[in-house]
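First comes the structure, then the notes that go with it.
The values are calculated or read from the model by the stated rules, or taken from the named source; none is laboratory data. Owing to the predicted nature of the structure, the values given are computational and were not obtained by experimental measurement. Counting neighbours? That spans all protein chains shown, and the Cβs are built from the backbone with ideal geometry, glycine included.
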Amino acid sequence: MNHSFRLAALALLLVASLPVSLLNADDEVASDNSTASTNKAVVSRFVETVLNRGEYDQTATFVDAAYRDNNAQGAQKGPAMVADTERFRRLVFPDLSFEVEDLMAEGDRVMVRLRLRGTHSGKAMGVEPTGGNLDMRAVRIYRLDEGKMVEGWAMSDMIELYRATGHTVSPPSPATEATFEEEPPAAAISHGRR
């Protein structure tokens, strides 16, 4: 048997014994990149269609029926909950806009960093409009499955939201800071025009 033939036969045996996952590693990376790109496009279209244009009837196009908001209280789920939340935001800030500052994806997760701008010109929860300008940042992370958001997390600059709605926010003074043995101090947030 010639030497070249033996090497080829050995190579074939080695390749045949590798797990399929190793043989298809490039295909999996390409698939992950394709999935990440597709998921980024879904989130980007959601921001433009639902958040910016207020087309709440399109929410189910992007949000799965079993969607779970990990920041919401209780068992709030699904596209109706997402649409209701965004409608409420729009009532308080009718000119609200969402600017995508960063959009990243890996596998089934998409992270979007947003800049929200608007004017507090709507009454909500007993708070009269102040005319305050909102300019805040938020980060949202979504998990997608089959082209729809199925789970979400959010972090927002709540101090900026309080400021824009006419609240005075001040840090607690050292004399009122709580320790583990004491009751927490009274809220450092009060309502009133600046």
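Just name the residue that is modelled with the highest pLDDT out of those in region 137-194 that are over 31 Å from the mean Cα position of the chain (by Cα) and in a helix (DSSP H, G or I).
174
Considering region 88-116 alone, what residues qualify as being of a type in the set (D, E, K, R), touching a strand residue (DSSP E or B) at 6+ places or on another chain (Cβ under 8 Å), assigned to a strand (DSSP E or B) and within 17 Å of residue 39 (Cα to Cα)?
Residues satisfying the conditions are 101, 102, 109, 113.
Could you give every pair whose Cβ atoms fall below 8 Å, whose first residue belongs to region 109-135 and is over 30 Å from residue 41 (Cα atoms) and touching a residue at least 24 places away in the same chain (Cβ under 8 Å), and whose second residue is assigned to a loop (DSSP other than H, G, I, E, B) and of a type in the set (Asp, Glu), counting only separations of at least 6 or pairs across chains?
121/95
Are there any pairs with C-beta distances below 7 angstrom linking a residue in region 152-170 that is without any contact (Cβ under 8 Å) to a residue 24 or more places away in the chain to a residue that is among the charged types (D, E, K, R), with the two at least 6 apart or on different chains, and if so which?
These pairs meet every condition: 157/137; 169/163.
Step by step: first the residues of region 122-135, then only those that are closer than 17 Å to residue 85 by Cα and within 25 Å of the chain's Cα centre (by Cα), then the one that is surrounded by the fewest Cβ atoms within 10 Å (Cβ to Cβ). Which residue is that?
Checked region 122-135; the qualifying residue surrounded by the fewest Cβ atoms within 10 Å (Cβ to Cβ) is 125.
When you check residue 113 against the structure, is it at pLDDT 75 or above and either on the phi > 0 side of the Ramachandran plot or not aliphatic (A, V, I, L, M) (or both), yes or no?
So residue 113 fits the description; yes.
Is region 126-136 home to any residue that is outside any strand (DSSP E or B) and either aromatic (Phe, Trp, Tyr) or more than 18 Å from residue 163 (Cα to Cα) (or both)?
No, every residue in region 126-136 fails to be outside any strand (DSSP E or B) and either aromatic (Phe, Trp, Tyr) or more than 18 Å from residue 163 (Cα to Cα) (or both).
Starting from region 93-107, take each residue that is farther than 12 Å from residue 140 by Cβ and list its partners that are polar (S, T, N, Q) and in a loop (DSSP other than H, G, I, E, B), counting only C-beta distances under 6 angstrom and pairs at least six apart or across chains.
94/121
Determine, yes or no, whether residue 61 is of a type in the set (S, T, N, Q) and under 22 Å from residue 146 (Cβ atoms).
In short, yes.
Report yes if residue 83 is in contact (Cβ under 8 Å) with a residue 24 or more places away in the chain, assigned to a strand (DSSP E or B), under 15 Å from the mean Cα position of the chain (by Cα) and buried (at least 18 other Cβ atoms within 10 Å of the Cβ), otherwise no.
No, not satisfied.
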